[in-house]
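**Q** This is the structure I have questions about; it appears just below.
The values are calculated or read from the model by the stated rules, or taken from the named source; none is laboratory data. Quick caveat, the model's predicted, so the values are computed rather than measured. All Cβ positions, glycine included, derive from the backbone under ideal geometry; neighbour counts span all protein chains shown.
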Amino acid sequence: MKIALLFGLVLSLILSTGCNTVRVKERVSTSAIGGYIMPQTHYTYPNSNVIPIGPVKGRARARGDLESFPDINGTIKRAIDKAVQSSDSDLLINALVGGTLTSYTKMDGNNFKVRYELEIQVQGTAAKMEIGRQNLR
């Protein structure tokens, strides 16, 4: 009797778990990119005064696939431009650049599809640049 009950329990467990199997349709992989400090984001002219304003952040995103990979350098430039424009400044000093690149892979029949999402974050100190005579101490 115990064996029949145990066999029935195992059989019902096998049948119920077999119906709940799920195929993974899309794989996601995220990797960090960047993680470096830029002393300054734009050229400072000789004999100019650089005046720090305050901390700012900027973010930019890009998408692509195997044929058109996202432009990492262009996305970094857009993130820097957004941070500079948000504070009405001329450049960023001590800017930390970082971000993530996420890839999504999927098998669609016999086709292998890959798409990418790039997100760049920039944070640093906004600064104004006054061209002219330097204030020497």
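A quick yes/no check of all residues on (1) out of contact with any Asp or Glu (no Cβ under 7 Å at 6 or more places or on another chain); (2) part of a helix (DSSP H, G or I):
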{"residue": "T44", "(1), (2)": "yes, no"}
{"residue": "R61", "(1), (2)": "no, no"}
{"residue": "N73", "(1), (2)": "yes, yes"}
{"residue": "A79", "(1), (2)": "yes, yes"}
{"residue": "K82", "(1), (2)": "yes, yes"}
{"residue": "Q85", "(1), (2)": "yes, yes"}
{"residue": "E117", "(1), (2)": "yes, no"}
{"residue": "T125", "(1), (2)": "yes, no"}
{"residue": "K128", "(1), (2)": "no, no"}
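**Q** Among the residues of segment 86-112, count how many are closer than 10 Å to A126 by Cβ and either out of contact with any Lys or Arg (no Cβ under 6 Å at 6 or more places or on another chain) or at pLDDT below 90 (or both). So that I can check it myself, show each step before the final result.
**A** Our first condition is that a residue be closer than 10 Å to A126 by Cβ; within segment 86-112, this holds for 86-93, 95.
Okay, now just the ones that are also either out of contact with any Lys or Arg (no Cβ under 6 Å at 6 or more places or on another chain) or at pLDDT below 90 (or both), so 86-88, 91-93, 95.
Adding up the residues that qualify gives 7.
Yes/no matrix, rows are residues, columns are (1) surrounded by fewer than 17 Cβ atoms within 10 Å (Cβ to Cβ); (2) in contact with a Gly (Cβ under 8 Å, 6 or more places away or on another chain); (3) closer than 30 Å to V114 by Cα; (4) of a type in the set (A, V, I, L, M):
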position: E26; (1), (2), (3), (4): yes, no, yes, no
position: G35; (1), (2), (3), (4): yes, yes, yes, no
position: N47; (1), (2), (3), (4): yes, yes, no, no
position: R63; (1), (2), (3), (4): yes, no, yes, no
position: I72; (1), (2), (3), (4): yes, no, yes, yes
position: I76; (1), (2), (3), (4): no, yes, yes, yes
position: I80; (1), (2), (3), (4): no, yes, yes, yes
position: A95; (1), (2), (3), (4): no, yes, no, yes
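**Q** Determine if segment 51-61 includes at least one residue that is surrounded by fewer than 16 Cβ atoms within 10 Å (Cβ to Cβ), within 22 Å of the chain's Cα centre (by Cα) and modelled with pLDDT under 95.
**A** no
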